[in-house]
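One structure below.
Derivation of every value follows stated rules applied to the coordinates shown; laboratory data play no part. For clarity, every value in this text was computed on a predicted model and none was experimentally measured. Every residue, glycine among them, receives a Cβ derived from its backbone with ideal geometry; neighbour counts consider all protein chains shown.
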Amino acid sequence: METVMAHPFAKYLREAMMPHIWCSGCGNGIILNCFVQAVDELQMDLNKLVVVSGIGCIGRAAGYVNTNSFHTTHGRPIAFATGIKLANPELEVVIISGDGDLFAIGGNHFIHAARRNIGIKVICANNFNYGMTGGQQGPTTPVEALTTTTPYGNIEHPFNLVHLAAASGATYVARWTTLHVRRLTQSIKKLLQKEGFGFIEVVSPCPEIFGRYNKMRTGLEMMEWFRKVSAIENFSDPAKAEITPERIVVGEFVDIAKISYEKLIHEKIAEINEKKMQW
Amino acid sequence: MAQTIIDTANHIAGYAAKAARVKVIAAYPITPQTTIVEKIAEFVENGEMDSEYIRVESEHSAMVACIGAAAAGVRTFTATSAHGLALMHEALHWASGSRLPIVMAVVNRAMGAPWSIWPDFSDSLSQRDTGWIQFYCADNQEVFDTIIQAYKLCEDERVYLPAMICLEGFILSHTYMPVKIPDQNEIDDFLPPYKAGWILDVNRPFSHSNLVSPEWYMEFRYMIQEAMENAKRLIQQIDKEYGKRFGFEYGGLVEKYKCEDADLILLTMGTMGSEAKIAVNNLRKEGLKVGSARIRVYRPFPVEEMRRLAEQAKMFATIDRHISFGMEGFLATEVKASLAGEKEPPLVAGFIAGLGGRDVTSETIVKIAKKSLKWMKIGKVEKETEWVDLRD
């Protein structure tokens, strides 16, 4: 029997960075795998692809993918990616980052990038807490969940990320869990081909930190939770697509066409230049 | 009753916030600070601390929430590291400018890029000019004691400034050491409840921190400078009083060790000061007259203490866990500035060491001392700034 030593997607990863730092049972590897699969299926030019990440466990993704990449500071990948996209609209700019990075310390950038409809793509791993620093309450922590800073249960209401993205003006919005690998891969393919600002939330297991405090100590138990309660409701009202222990609504919520910010700005520049010529 | 516990400096900082009866804590997690606020969250949630814990969405918000709480007249605490501190920068000026005695633990961590989670002083020293008092600790006991002392100092009406208590990440933050926690009644006696200099009060409404014209802005700055000078004197008094009551004293602004007859004095900050003491002992065994002076308070800077040390010593060696790019280590600059104009000042050699968490052991410091002694002998510093153990 022939022994294959290299992973079929090895060319998409920086092998020198392996082994990765993610815990067993973590969903980040699945997300990266789906992303790489989508890039492969689309036969994307790796020289034109930029992966940007911020702080947190999945922030390491930028270092693992064998494309142009930048691991930027806490909360700033969207601001950074905005600069890249405006400087060189030819580049495909993808952010792979976490819920804490994108929606707490960097929350402001998200709503404005979506509002402007700048053509960057955001894939957010939502593990319900700040995993890398040891599991504190964050902007996606469910009510009553236990974390190191809410040892008797969280009293704050979490963001509904797909609702936030849709309300802020994103042209593509979807949510999947790491259980939905095929749908997630197809969704990422769609995301990468959209014009304007697109967003996918991936509900991801964090058994070592979040699960440990919330009676789901293994990746399998967390995946079992996703399996039991996930309901695919494509193009349902994202406002009603909340995440509770009893129900996780997944699917595509928004898929619309809207001219991107980078197109508008270059059109505007051309228009002004033309007028100047007439003067 | 006083008790001795064995715990990490981060948890000890949490115990100190509890002992100080802090009323509001606003914080955001960041390595290696996080376990401080986790400990406090635990104390608040289990009822051991009668405080409000605000889980904010960034360090910028953490500092601003502390400013709000302090302006409402309560004792506040927060903690951060590196990029978190940098994100607070704008608000740091507002805390000192508003004269609010906020105390913050800064668990020192090197600044990116490239990413590092290991310690150096580049984070807190970058905030040198924000009007915050800066303490640097050498062990876990000092972390506890300095937090208590800092509230006493900062809440004094002659000071009313915020303070950072700096402790190096991992070297202290995650290292277990025995620490004596004094009896709560005795702490309460030493540190009475906070009496605010000004307070936002619905019954006596007034506007604070409003636009000030050029006719008055400078005077507000001058008052902060005066408060810093007052702090210099008070830090020494408070340290002495604390020592008398609780048995731990740190030499006020500078912890001196075998400096009386020293030809060479090693100037350090933080845990390098502990290693320097071991180095001094080893060098003395060889008959070399070396002493150690650990700068415990970096702002206000102990200018007068530097001058006093200069009367005796022939040579100073500064060891900076920091570099001001394009110049030298801050400590080297400050020490030279302190000595400018003195008659026959000692030679000053600057050493850069331990950036991004590289170990600075007593052996490293012995090496630094021997090089400095060589230069002392020839009466000339051959290299103004030496990077210790730099790879080719």
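Numbers at a glance
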item: Value of [θ]222 nm, deg cm²/dmol, for chain A, DSSP H segments ≥ 4, -39500 (n - 2.57) each, nearest 500; result: -9500 deg cm²/dmol
item: A:Ile118 long-range amide H proximity, modeled H, under 5 Å; result: A:Phe197, A:Tyr261
item: Average other protein chain Cβ within 10 Å of Cβ, residues A:152-159; result: 1
item: Gyration tensor verdict on the range B:254-387 (Cα atoms; rounded if a/c is under 1.5, prolate if a/b is larger than b/c, oblate otherwise); result: rounded
item: Between 0 and 90°, nearest 10: helix B:59-71 axis offset from chain B longest Cα axis; result: 60 degrees
item: Whole-Hz couplings from phi, Karplus 6.51/-1.76/1.60, listed for the range A:35-51; x for Gly and Pro; result: 4, 5, 4, 5, 4, 5, 5, 7, 6, 6, 6, 5, 6, 9, 9, 10, 10
item: In degrees, nearest ten, helix B:82-97 long axis to first principal axis of chain B (Cα); result: 70 degrees
item: The range B:131-205: trypsin sites (Lys or Arg not before Pro) falling in loop per DSSP and having at most 11 other Cβ within 10 Å; result: B:Lys195
item: Built amide H within the under 5 Å cut-off of A:Ile248, gap 5+; result: A:Ser230, A:Ala231
item: Cα-based Rg of the protein assembly as shown normalised by 2.2 N^0.38 Å, two decimals; result: 1.07
item: Solution diffusion estimate, µm²/s, Stokes-Einstein, the range A:1-97, Kirkwood Rh from C-alpha pairs, 37 °C, viscosity 0.692 mPa s; result: 232 µm²/s
item: Distant-in-sequence amide H partners of A:Val203 (H built 1.01 Å from N, under 5 Å); result: A:Asn126, A:Trp176, A:Thr177, A:Thr178
item: Beta bridges by DSSP in the protein assembly as shown, antiparallel share as percent, to the nearest 5; result: 25 percent
item: The range B:190-274: equivalent-ellipsoid semi-axes (sqrt of 5 x gyration tensor eigenvalues, Cα, Å); result: 38, 21, 10
item: Rg/Rh (Cα only; Kirkwood hydrodynamic radius) as it applies to the range B:89-214; result: 1.04
item: Cβ-Cβ FRET estimate between B:Leu288 and B:Met177, R0 fixed at 30 Å, reported to 0.05; result: 0.50
item: Sequence-distant aspartates and glutamates (8 or more away, or on other chains) whose Cα lies within less than 13 Å of A:Lys228; result: A:Glu246
item: Antiparallel %, DSSP beta bridges [both residues in the range A:10-278], to 5; result: 25 percent
item: Average beta carbon contacts from partner chains per residue of B:52-60, 10 Å cutoff; result: 4
item: Chymotrypsin sites (Phe, Trp or Tyr not before Pro) restricted to DSSP loop in the range B:131-229 with at most 10 other C-beta within 10 Å; result: B:Phe206
item: Calculated P(r) tail over 29 Å for chain A, as whole % of Cα pairs; result: 31 percent
item: Violating pairs (Cα-Cα greater than 28 angstrom) within the set A:Lys215/B:Lys180; B:Lys277/B:Lys371; A:Lys121/B:Lys39; B:Lys232/B:Lys256; A:Lys85/A:Lys240; result: A:Lys215/B:Lys180; A:Lys121/B:Lys39; A:Lys85/A:Lys240
item: Over chain B: helical MRE at 222 nm, DSSP H runs n ≥ 4 each giving -39500 (n - 2.57), nearest 500; result: -13000 deg cm²/dmol
item: Fraction of alpha-carbon pairs over 32 Å apart in chain B - percent; result: 32 percent
item: Additional length obtainable on full extension of the chain from A:Met5 to A:Glu267, 0.36 nm per residue less Cα span; result: 89.3 nm
item: Rounded tilt (10° steps) of A:181-193 against the dominant C-alpha axis of chain A; result: 20 degrees
